[in-house]
Structures are given as structure tokens and as C-alpha cells.
Amino acid sequence: MTAIERATVHAFAWLGVACTVGLLLAVLLLAPRAGAVLGPLTYGRWMPVHLNLVLYGWLALPLVALLLRAFLPEDGWGGGTAVQTWSASLGVGAAAWLAGQSSGKPFLDWDGVARVLFLANLLFLAGVLAAGLVRRRRAGEARRPGLWTLWGALLTVPAALAFATSPGTYPPVNPATGGPTGASLLGSTLCVIALFAGTPWLLGLSPSRPQRGGRGVRLFGALALHAAFFAAVSRGEPSHREPLQIAAVATLLVWAWLLPRWLGGFAWPAESRPWLLAFLAWGGLLLATAVPMFLPGLLDRIKFTNALVGHAHLAMAGMATSFAALLLAVLNQETRLAGVLGDRIGFALWHTGNGVHVTALAAAGALEAVDPGIVFRGDWPITALYSLRAAAGAAMLTAAGRWIVRSSGRLKARRNTA
Ligand code: HEM
């Protein structure tokens, strides 16, 4: 199995496990007493498992595959081991969270031995990528200063994770902050936009039609200007009610126009195009809804309600998942897994399921905004919406199951005919 195939199979497997846990959580919210059957494996222990498996398993492994494709020579030496090490450290993490060992910081739950192993895994991946570049140079390929710069920049990831997961850095609930400011949301979103914008280059895609030169310079110039604006507005401890903070979030809307134009200028393989469209559609919806959601008056009413959980699924199960699938579809064009993500039924189940999921949660959040006690009383509209969400989750799990079955079928079929 090639490193890309292995990363793809592991990513699908983590998605399957994460969606199964998501469905368990959805059922527990409907029938909290059912939790007694699980003994010490309470809702609070499954929650970090769901969150971290979607992030570090399903969403991260396609990016690991992208790095392996960009850095390693043809033979991909070391890539498969890097993927196995990644999944092994995530498996240890999941066991630790279920055993109740967690830092308590969402998405930074790494603690104790699991933390050490996950950081070591990141350094191992860095070593495999550097060795790949060295071997390509020795084989007579041209120098790759751009990839070395990216490698250096990526080294900040283990350093940042070591800092943020450290128990000494800040407690799980940070008393020094009242939540994200407009500027902090702008800064983190710009990093994600830079990642989306740089991906066609790492994938080696060519332009879809003859282009005027300097397109990339103009796009990344605009990103740099936006980052300078971020630096200017992120001073001090502003309130999210200040007009400048609201304006900072609103400036992100310009990327709903620029990013589709930029990505649309590349020749995406046929199988990946529905995923590109899905990515742009979910991303546009995310930006269009996130800006009004940040407005004082609305934010104060829906913060900590189901509307925010809906927002998280719109961002991660909608936009980021479509991006992960887009990457996998392009990376696997010439592997034995080509065509797995072209499954129309899986595509329809995932996006319809997530659309219903997000709509049900938005409706529940709207009810909570009017009557904050409605969830705790378990009134029938909430039960109905939670049931709808669980059914939508079952559809999403079915889609993940189809991708797993199709991948293993293709690997087996090609092995038999080889
Ligand atoms: C079968 C599909 C899924 C189901 C049934 C499901 C269900 C759930 C449930 C019940 C929660 C806890 C909400 C609460 O405590 O009120 C949750 C949280 C979350 N899920 Fe999922 N989920 C699914 C798929 C996904 C996927 C694929 C992703 C990301 C790629 C994802 C990302 C998240 C995030 C980020 C949260 C935290 C939300 C917050 O606290 O604001 N989920 N999910």
C-alpha cells in the first residue's frame, strides 16, 4: 500500500469511528438515562474522542498525505510509517480520553503520556519530510527552497502545541478572556484561508486556462495586506461590541469572492470537482452566517446554545470535510483508491445529512434564544429536533461507511488481480 493510500484509508476509518461516537452522543442527548449502561464511559469522556478524532484523524490526515506527496520522492519511503505513527498516537490519545485523562482544553486535550507521544509523532513526521527533501536532492533534483521554507514554518506546529497543551500555559477555562474578539477570529481565519489558497500549488495543479501573470502575487499580496490590518486592530483587550471589531470580522467577506475565483483558476480533476463546489458552497454559507452571528445582540443570545454547535458542524462537517475529501480525491487520482469519493450516493447522504443536522441545530438554538430553559426541560420541540439530528447523523455515518467499504473493496480487488 502506498503512503497516500494508507493515509486515505486511515482518514476514512477515523471518520467512521468519529461519526459513530457522534451518533452515540446524539442518542445520549435524546435519552440521557441510557448513559448509565456505559458505566464510567460518560458523555464527558466521549466528547473529546469525537472532537479530536474528527480533527486529528479525519481532517488532519489528508493534509499529512498532501505533505507526503509534496516532500517525498516517488518511492514515498517513510511515509507509510509516518501515517501509522500518527494513527497509533491518536489511538493512545483516544484511550487516554476515555480513561478520563485530559487537559480539559477542547481540541488540546493531550495530556500525560498521550501528549508526549503525539508531540513525538509530529517530530517524526518532520524528520520523514526533511529526509524526503534530502533524498530528492541527492537523486539530482533541483533545490526546493520553497519546500524548505514551508518545512521550517511547519516546525512551529509542534512548538505551539507543546506550549498550548502544557498545563502551565492557561487553565481549561481562561479567566483572562471573555471569548474571541473580532480581531482574533480574523487572524485565525486568515491562516486557514492561506492554507486553502496554497493547496493547488502543493498539489501541483496547472492553471485551467491561460492566465495573466502575477495572479498568485496579487492573491497573496491581498492576504498580506489583510494580515497587516489584523495586526493593526488586534492590540489591547477590546470588546466584541466595538465597531472596529465587528468591521474586522466583516472584512472576511471579501474572501467569499476572492477564494472561489482563485481556486476556480486551476484544472481540478473531474472526480474532485463536486467536492470543490461543496467546499465553496459550505464556506460561503459559513461566512455569510458567521458575520451576522458575531453581532452584539445576536451573539449574546445564541452563544453556548445549539446554534453554535450547528455553526461548528457547518464549518467542520461541511466546509472542512469537503476540503479534506477534495484533497483525497486529487491525491488518489492515480492510486487504487481513485473513484472512491466519486460515489454519488455517499456524496448525497453526507451533504443532505449535514444540511439537516445544521438546520435542526440552528432551529434548536433559535428556540433557546427565546426560551433558554427549553433544552433543560426537554420540551417536545427540542426532542423532535434532536431526533432529526440523530437521523441526519445516521445518514452521515452511512456515507462514511460507504467510503470505507469502497476503499477496502478496491484495495482487495487490485491485490487479487496483481
Ligand atoms: C454522524 C455524524 C455526527 C454526529 C451525529 C455528530 C454529533 C455531535 C454531537 C451530539 C455533538 C455534541 C453537541 C453538544 O454537546 O451539544 C457534537 C459536537 C461536535 N462535533 Fe459532531 N457529529 C457528527 C459529525 C461531525 C463531524 C464529521 C465533525 C467535523 C468534521 C464534527 C465536529 C463537531 C464539533 C467541532 C463539535 C463541538 C461543537 C461545539 O461544542 O460547539 N462532528 N457532534
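Readers should treat all values here as calculations from the given coordinates under stated rules, not as data from a laboratory. Owing to the predicted nature of the structure, the values given are computational and were not obtained by experimental measurement. Heads up, the Cβs are rebuilt from the backbone with ideal geometry, glycines too, and the neighbour counts pull from every protein chain shown.
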Proxy exposure order for GLU242, GLU334, GLU74, GLU5 (fewest C-beta within 10 Å first) is GLU74, GLU334, GLU242, GLU5
Using a Gaussian network model of the chain with C-alpha springs under 10 Å, which one of GLY214, GLY310, GLY318 is most mobile by mean-square fluctuation? GLY214
Taking only the alpha-carbon atoms of region 28-117, the convex hull volume per residue, in cubic angstrom, is 105 Å³
Over the Cα atoms of region 226-367, how large are the radius of gyration and the largest Cα-Cα distance (Dmax), in Å? 17.7, 53
Dipole size in debye (nearest 20) for the chain around its Cα centre, Lys and Arg Cβ +1, Asp and Glu Cβ -1? 1160 debye
Given C-alpha coordinates of the chain, what is the ratio Rg to Rh with the Kirkwood estimate of Rh? 0.95
Kirkwood-based Rg/Rh on the Cα set of region 1-151 evaluates to 1.08
When every alpha-carbon pair in region 288-349 is counted, what percent end up more than 17 Å apart? 55 percent
Rounded to the nearest Å, what's the spacing between the alpha carbon centres of region 351-418 and region 261-293? Just the number, please. 21 Å
Around PHE266, which amide H atoms from residues at least 5 apart in sequence, or from another chain, sit under 5 Å from its own amide H, with H modelled in the peptide plane? SER208
Residue order, fewest to most surrounding Cβ atoms within 10 angstrom, among ILE345, ILE382: ILE345, ILE382
What residue among LEU259, GLY378, LEU98 has its Cα farthest toward the positive end of the dipole of the chain, where the charges are +1 on Lys, Arg and -1 on Asp, Glu, each on the Cβ? LEU259
Cα-centred dipole magnitude for region 206-364, charges only on beta-carbon of K, R (+1) and D, E (-1), debye, nearest 20: 400 debye
